[in-house]
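What follows is a short report on a single structure.
A short reminder: the numbers here are calculations on the coordinates, not readings from a lab. Fair warning: this is a prediction, and the values are worked out from it, not measured in the lab. Counting neighbours? That spans all protein chains shown, and the Cβs are built from the backbone with ideal geometry, glycine included.
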């Protein structure tokens, strides 16, 4: 638990103006909101601004304005036995004049939990308290750190209320705890408020929040712009001769993104020898991923045979499992047609058929020396890989299958990769990849 820092007696602390609410008789289990719309909220701007746009709730005030723009949830939610959290994207205030409140209103405006970012002359502090029958009680406080206190939360377990913060919505630290003093059910209406309560705030102030009970999403964009040293190489079969290379080149014909792209090559190799290039990114807890890129293949010289296959894997290593979603495009080298295959099942294999035996029929003939956009959508969850769809050259292919991950002790990372499977002649192969991105989506928190 944090060390507490006492700020003032309860009578000296500026409290939020608690709106009168009807006593909730029933409540939804949790509020999940990415602030894509104002559906769940009543917004009151006053002399400031309370807006929901671009996936954020922004509560702001111009300079020298005393007001309290507020967002209040339209429904009540059960706190008992759950955690209710919000992400603070940014907070700016003036010491001794401003405060941001994250409140849980319990009944008739007289009972509530209060957690606030209190701007003091010496810095901002997290101050925790509650109102019981209209009387404020201070519980505890700690210095606010925007890096480690990115998420604020209330949690109730076995009669104890926890005021918590987290840098990542995964690892939570109590600011303080409270033995539940309320005799009514903890069905709460949430209220978010940015307040300037004293004159002389000569600058604009604001609080921006997002992701109510969501883990934020993110991305690693433009993998093709990363240093060459960020990429590692694995070749197979072991012992086969192969001469691979990787370079940055400029290709202004790419339809999207910048013209700086990767050129992955096999200049020569033994027959059926493969080069697998990969990069290790930090592990994220998110489960839903979108993998996008443009690619172009061509042999050198152009009259030489193209590769046996081209592969596009995205891996999530957990430390004990390898969760891999991957696609393979075959240019009819096996005589079974130009088509896509899917990786999974049977401890890892390329599949032309669903688990039921029904053929996928992902037929597509792609031209050499032409840019092809590719998007793969997938989920890594509970030791399984869930495929939904992929899109190649504007055509959507539906997979809708899931496979068990494979056992693997590789260190935990997100690993985007690309593989060239060379042909029987070991010909010189080039593959350009550009506008290459890995995106992980917001995830509902348990």
* **Spacing of the two label points (7 Å from each Cα toward its C-beta) at residue 221 and residue 137, in nm** => 4.9
* Projected-area average for region 55-185 over all orientations - Cα convex hull basis, square nanometres -> 8.7
* First obtain the Kirkwood hydrodynamic radius of region 308-446 from its Cα pairs, then insert it into the Stokes-Einstein equation at 25 °C and 0.890 mPa s, and state the resulting D in µm² per second as a whole number. => 152
* Structure fact -> Most fluctuating of 118, 393, 334 in the GNM of the chain (C-alpha, under 10 Å) is 334
* Could you list 356, 199 in order of exposure, starting from the residue whose Cβ has the fewest other Cβ atoms within 10 Å? => 356, 199
* **Per-residue Cβ neighbour rank within 10 angstrom, fewest leading, 442, 323** => 442, 323
* Do you know the relative contact order of the chain, to the nearest whole percent, from alpha carbon pairs under 8 angstrom that are 6+ apart? -> 17
* Structure fact -> Percent of all alpha-carbon pairs of region 370-446 at distances over 21 Å, whole number, is 49
* Asked: What is the distance in Å between the Cα centres of region 103-180 and region 419-434?
  -> 57
* Projected-area mean, region 118-194, by convex hull of Cα positions, square nanometres -> 6.1
* Asked: Once Rh for the chain is found with the Kirkwood sum over Cα pairs, what is the Stokes-Einstein diffusion coefficient at 10 °C and 1.306 mPa s, in µm²/s?
  -> 63
* Multiply the residue gap between residue 246 and residue 64 by 0.36 nm, knock off their C-alpha separation, and tell me the result in nm, one decimal place. => 59.8 nm
* residue 256 to residue 400: extension gain in nm, 0.36 nm per residue of separation minus the Cα-Cα distance? -> 49.0 nm
* Asked: For region 172-239, what's the radius of gyration and Dmax over Cα atoms, in angstrom?
  -> 24.9, 76
* When N counts the residues of region 24-84, how does its alpha-carbon radius of gyration compare numerically with 2.2 N^0.38 Å, as a ratio? -> 1.32
* To do: Could you work out how far the C-alpha centroid of region 23-96 sits from that of region 227-296, in angstrom?
  => 44
